[in-house]
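Nothing in this text is a laboratory measurement; each read-out follows from the coordinates by a stated rule. Just so we're clear, the structure is a prediction, and the values are computed from it rather than from any experiment. Positions of Cβ are generated from backbone atoms using ideal geometry, with glycine treated the same way; all protein chains shown enter the neighbour counts.
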2 protein chains.
Amino acid sequence: MVLLRQEIGSALRARRRELGRTLREVSADASVSLGYLSEIERGEKEASSELIASVCRALGLRLSELLEVVTEHAASAETVTTLPVREPVVQAASAA
Amino acid sequence: MVLLRQEIGSALRARRRELGRTLREVSADASVSLGYLSEIERGEKEASSELIASVCRALGLRLSELLEVVTEHAASAETVTTLPVREPVVQAASAA
């Protein structure tokens, strides 16, 4: 199952790393504890919408920009989870 | 400020109405109380990622499909809300 908090967390982490910023810096800017931000990035905690907005601001990201990344990633994750269902068909074809 | 729970709530409500389904039907399918689903649709409660996934399933919607709608709507909401945000910056500059 593709979970929204995991998709949001990994998109936030990717963006932070892209900017070369530390958890400490971003957590300070977003007024959230370092440990909590880390849990959010790892998809372990559900962040409130206000907190997501605050972290987005700290990362210079619009909510819609974050969601664009999240949507794309969720779409490929959903495709991947669907793939194994098709595999046996391919194997059967090459074996024939 | 554009809040994720409000965007998700209105997208879920729009989809449910599109299908001509009642809150009662969808809440039963998603194993969530009618009152809680209603609060989620109105953007008053943060739904857990598992609950969002469950409501999506009840609505025959992939998470990425929901997010696509949410992303588009957030982007237009930001365009509308972004305009007044720039004003104070101009005022601060002219006051200095």
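List of remarks:
- Here r is the Cβ-Cβ distance between B:MET1 and A:SER33 and R0 is 22 Å; the resulting FRET efficiency, rounded to 0.05, is 0.55.
- Extent along the principal axes, Cα only, for region A:15-70: 26, 24, 17 Å, with the longest axis given first.
- Each label point was placed 7 Å from the Cα along the Cα-to-Cβ direction; for B:SER10 and A:SER76 their separation is 3.1 nm.
- Modelled label positions at A:ARG17 and B:LEU19, each set 7 Å beyond Cα in the direction of Cβ, lie 3.6 nm from each other.
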